[in-house]
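Quick one: structure below, then a few questions.
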Amino acid sequence: MSRAALTHPVDGRFGAFGGQYVPETLMSALGELEDMWHEAKADPQFQLELAGHRRAFIGRPTPIYAATRLSEHFGGTHIHFKREDLCHTGAHKLNNAVGQALLALRMGKRRIIAETGAGQHGVATATVCARFGLECTVYMGTEDMHRQSMNVRRMKLLGAEVVEVKSGSKTLKDATTEAIRDWVTNVRTTHYIIGSVVGPHPYPEMVRDLQRVIGDEAREQYLSLDGKLPDVVVACVGGGSNAIGIFTAFLDDRDVALVGVEAAGRGVKTGEHAASLVGGRPGVLHGTYSYVLQDGDGQILPTHSISAGLDYPGVGPEHAFLHETERVEYVAVTDKDALAAFKLCTRLEGIMPALEPAHAIHHAGVIARELGPGGSILVCLSGRGDKDMDSVDAE
Amino acid sequence: MPSEAGRAQGAVSSASRLENALRAKDDLKLVAYMMAGHPNKRRSIEVGKRLAGSGIAALEIGIPHSDPLADGSVIQHAGQVALEHGMTVSGALGVAQAVAAEGVPVVLMTYINPVLSYDPRRFAAEASQAGVAGVIVPDLPIEEAEPVTGWFRAAALETIFMVAPTTPPDRITSICSHSSGFVYCVTVTGITGARKELPEGMPELLREVRKRTQLPVAAGFGISRPEHMKSLRGGADAAVVGSAIVEAIERGGDAVALVKELLKACR
């Protein structure tokens, strides 16, 4: 079987992973969503409209950028950034939100719900709802509302209702659970814009299709710049949408190593982390079978990461598949190292990365020291760091 | 449509204990729900035993899960309390065993991940050993079910699937054919939790389900009041009452008074 065939879900699954573990109430909506997505994807009119919004609203294509001083600092390997931080609203999240909003309009659903951790997906969703005149409710954990208060203010200004989620660990996991319960209740009128490549089929596939523009652009840009592909592509992984977005274009390039970087928090051995692939085992969370952080009895564990966007006990099922087939290597980086990389990148490049891709930047440094001069690394700089000022100051 | 034919065909196999317990005979059967380990293990066994003798047709016992997608705030909270007091899958099977010994048919209700984590084969064997009659897994739709329900069948456990107001007719047929014991008809588009009024489309949905199965049909979600019982009589074989009972247990009671009041309206 070719690589391309392997990464296309069969019956909603990537190998053993994926599926639709949801209450019966949602099953027909998921079926409708799958049909509508395949229809829209094949419709030139839809693609044309999406391309227009990507250009004029999101600001695509985003550039790739040679991080020369960082390269020098890490021993001479060429490090490039794919600048998703330059997307409108400051992260790759808008790529997905715009596509799904167009789909909601096509389905005639005028109410949108979303979950958010760092607030970037919430802001992206509130933004497209303002742009297309849709009603918007965003679920967000109490703890995340504190550490990402600027994004809460942005969402409210954009006209979204932000619902505080006080249950469980009060972070992204609980916000997602609440959003799914809302969807179960209002499924006839509401479209749920999931922010990552997680959730029941067809979400992991659909969000991947909408995010793969990152890698499609980057691969072409890199080739025209350097005449060859990078040795390594590195991206951070929470649910994993920016990583799938950049990896997809390179899956067939067997000489390009792909590395996903999870959040090790205070260290994977301490139990206070969010590294589902490095430190978890297979299970079902939020409608999909993938790697999950859980106790011996199948209860989902609380997580910790300095970065709200990575603070999630699950990961997309396609990542679980890429992990098991070893096409992608997954590692974990601590809060401390991510914070140092945040500061280093800000000082050396004049680019303040979000704490999420700061994990990837740290690991790019580790790889760069191994590769030495002549090596080349492409990092997905998934978002900008203004939102993290309070977290960084607090450390 | 396989209406009468379908019912007749099902009659060939002998009806199970759960089926017999839930089939209405000029009345409406009542199924109560409680959470294992809520408010703690000892107390939940006491409450379960009292409910077992209160005149209900069957008792659903919830196994708590950290992320209950199909449940409203009352049952979610009960699950949190149970988990905080150390309830486990194994502990819940112990609660089920103690309550099933009273003679009431016990149906376990939990989510797929605790079952997968425990190992479906072991879960089925131990549930059967505990005297459990059937299992409901609300986040396990028929498409994903077989690897798990095969073990339930092998252990002589019934698997109860849910029909929702959003389920199209041909899918209702398919869900009915996958179910055993009874068919669970979710009356509201939403999660569990008491509501004032039942939705308008409910009688049609119950009719659509009954047309397609010989099994008893139980209505659940949102049902909590005597007037709900009255409106379900004739339309459903049984009514499942969950959140209202869990709330009574949360307040320190055993919910028997509520059950008696509801039962009056069932006859």
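Residue check, B:I56 against (1) part of a loop (DSSP other than H, G, I, E, B); (2) open to solvent by less than 10 Å² (accessible area, probe 1.4 Å); (3) not small (G, A, S), all met but one. Which one?
(2)
Return the residues of the stretch B:130-171 that are out of contact with any Leu (no Cβ under 9 Å at 6 or more places or on another chain), surrounded by 24 or more Cβ atoms within 10 Å (Cβ to Cβ) and of a type in the set (D, E); say none if nothing qualifies.
none
Let me ask something else. Suppose we keep only residues that are among the hydrophobic types (A, V, I, L, M, F, W, C) and facing chain B (nearest Cβ under 10 Å) within the stretch A:156-190. Which one would you say is nearest to A:T116 (Cα to Cα)?
A:I180
Does the stretch A:196-208 contain at least one residue that is more than 16 Å from the chain's Cα centre (by Cα), more than 14 Å from chain B (Cβ to nearest Cβ), of a type in the set (V, I, T) and under 30 Å from A:I79 (Cα atoms)?
No - not one qualifying residue is present in the stretch A:196-208.
Specify the residue that is nearest to A:Y21 (Cα to Cα); the eligible residues are those in the stretch B:142-186 that are within 14 Å of chain A (Cβ to nearest Cβ) and aromatic (F, W, Y).
Step by step, filter the stretch B:142-186, then rank; the result is B:F161.
Determine whether the stretch B:67-85 contains at least one residue that is among the small types (G, A, S), open to solvent by 40 Å² or more (accessible area, probe 1.4 Å) and closer than 19 Å to A:P23 by Cβ.
yes
Continuing with the same structure: If you go through the stretch A:295-305 one residue at a time, how many are open to solvent by less than 10 Å² (accessible area, probe 1.4 Å) and either away from every other protein chain (no Cβ under 12 Å) or modelled with pLDDT under 95 (or both)?
Adding up the residues that qualify gives 1.
Let me ask something additional. Return the residues of the stretch A:301-340 that are closer than 21 Å to A:S169 by Cα and in a loop (DSSP other than H, G, I, E, B); say none if nothing qualifies.
Once the filter is applied, which keeps residues that are closer than 21 Å to A:S169 by Cα and in a loop (DSSP other than H, G, I, E, B), the stretch A:301-340 yields A:L301, A:P302, A:T303, A:H304, A:S305, A:I306, A:S307, A:D311, A:Y312, A:P313, A:V315, A:G316.
Here's another thing I want to ask about it. Hey, among A:A114, A:A124, A:A97, A:A118, which residue is among the hydrophobic types (A, V, I, L, M, F, W, C), over 19 Å from A:G215 (Cα atoms) and in a helix (DSSP H, G or I)?
None of the others qualify; the one that does is A:A124.
Could you list, in sequence order, the residues of the stretch A:81-92 that are under 15 Å from A:V234 (Cα atoms) and open to solvent by 20 Å² or more (accessible area, probe 1.4 Å)?
A:R83
Only one of these is touching a helix residue (DSSP H, G or I) at 6+ places or on another chain (Cβ under 6 Å), surrounded by 24 or more Cβ atoms within 10 Å (Cβ to Cβ) and modelled with pLDDT of 95 or more: A:A308, A:A263. Name it.
After applying the criteria, what remains is A:A263.
Looking at A:A56, A:A40, which is the one that is out of contact with any Ser or Thr (no Cβ under 8 Å at 6 or more places or on another chain) and open to solvent by 60 Å² or more (accessible area, probe 1.4 Å)?
Answer to the check: A:A56.
To keep it simple, each residue is scored yes or no on (1) within 14 Å of chain A (Cβ to nearest Cβ); (2) at pLDDT 95 or above; (3) in contact with a strand residue (DSSP E or B) (Cβ under 9 Å, 6 or more places away or on another chain).
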residue	(1), (2), (3)
B:E46	no, yes, no
B:I61	no, yes, yes
B:P64	yes, yes, yes
B:A82	yes, yes, yes
B:P105	no, yes, yes
B:A130	no, yes, yes
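Just wondering, is there one or more residues in the stretch A:359-372 that are farther than 21 Å from A:L229 by Cα, open to solvent by less than 10 Å² (accessible area, probe 1.4 Å) and part of a helix (DSSP H, G or I)?
There is at least one residue in the stretch A:359-372 that is farther than 21 Å from A:L229 by Cα, open to solvent by less than 10 Å² (accessible area, probe 1.4 Å) and part of a helix (DSSP H, G or I).
Does A:V213 fit the bill of being open to solvent by less than 10 Å² (accessible area, probe 1.4 Å) and either among the aliphatic types (A, V, I, L, M) or within 11 Å of the chain's Cα centre (by Cα) (or both)?
no
Further question on the same structure: May I ask you to list the residues in the stretch B:99-115 that are buried (at least 20 other Cβ atoms within 10 Å of the Cβ) and of a type in the set (A, V, I, L, M, F, W, C)?
Listed by number, the residues that qualify are B:V99, B:A100, B:V104, B:V106, B:V107, B:L108, B:M109, B:I112, B:V115.
Which of the residues spanning the stretch A:146-155 are aliphatic (A, V, I, L, M) and either within 13 Å of another protein chain (Cβ to nearest Cβ) or surrounded by 24 or more Cβ atoms within 10 Å (Cβ to Cβ) (or both)?
Matches in the stretch A:146-155: A:M155 only.
Sort out which residues of the stretch A:22-66 are within 14 Å of chain B (Cβ to nearest Cβ) and aliphatic (A, V, I, L, M), and write them in order of number.
Within the stretch A:22-66, A:V22, A:L26, A:M27, A:A29, A:L30, A:L33 qualify.
Looking at B:R207, B:R122, B:R195, B:R225, which one is within 24 Å of B:V104 (Cβ to Cβ), surrounded by fewer than 24 Cβ atoms within 10 Å (Cβ to Cβ), more than 10 Å from chain A (Cβ to nearest Cβ) and not hydrophobic (A, V, I, L, M, F, W, C)?
Result: B:R225 is the single residue among B:R207, B:R122, B:R195, B:R225 that is within 24 Å of B:V104 (Cβ to Cβ), surrounded by fewer than 24 Cβ atoms within 10 Å (Cβ to Cβ), more than 10 Å from chain A (Cβ to nearest Cβ) and not hydrophobic (A, V, I, L, M, F, W, C).
Please tell me if A:G227 is small (G, A, S), closer than 30 Å to A:A67 by Cα and surrounded by fewer than 24 Cβ atoms within 10 Å (Cβ to Cβ).
yes
Being without any contact (Cβ under 8 Å) to a residue 24 or more places away in the chain and either touching a Pro at 6+ places or on another chain (Cβ under 9 Å) or part of a loop (DSSP other than H, G, I, E, B) (or both) is the filter here, so list the residues in the stretch A:272-300 that pass it.
Listed by number, the residues that qualify are A:V292, A:L293, A:Q294, A:D295, A:G296, A:D297, A:G298, A:Q299.
Given the conditions (1) out of contact with any Ser or Thr (no Cβ under 6 Å at 6 or more places or on another chain); (2) open to solvent by less than 30 Å² (accessible area, probe 1.4 Å); (3) not acidic (D, E), which single one is not true for A:R188?
With (1) out of contact with any Ser or Thr (no Cβ under 6 Å at 6 or more places or on another chain); (2) open to solvent by less than 30 Å² (accessible area, probe 1.4 Å); (3) not acidic (D, E) applied to A:R188, the lone miss is (2).
Does A:Y222 satisfy the condition of being away from chain B (no Cβ under 14 Å), over 19 Å from the mean Cα position of the chain (by Cα) and aromatic (F, W, Y)?
Spelling it out, A:Y222 is indeed away from chain B (no Cβ under 14 Å), over 19 Å from the mean Cα position of the chain (by Cα) and aromatic (F, W, Y).
Got at least one residue in the stretch B:21-34 being in a helix (DSSP H, G or I) and either more than 14 Å from every other protein chain (Cβ to nearest Cβ) or among the hydrophobic types (A, V, I, L, M, F, W, C) (or both)?
yes
The values are calculated or read from the model by the stated rules, or taken from the named source; none is laboratory data. A quick note: this is a predicted structure, and the numbers were derived from the prediction, not measured. Here Cβ is always computed from backbone atoms with ideal geometry, including for glycine, and neighbour counts include all displayed protein chains. Heads up: the accessible areas ignore ligands, DNA and RNA and are worked out on the full protein's heavy atoms, side chains in. Shrake-Rupley method; radii C 1.70, N 1.55, O 1.52, S 1.80 Å.
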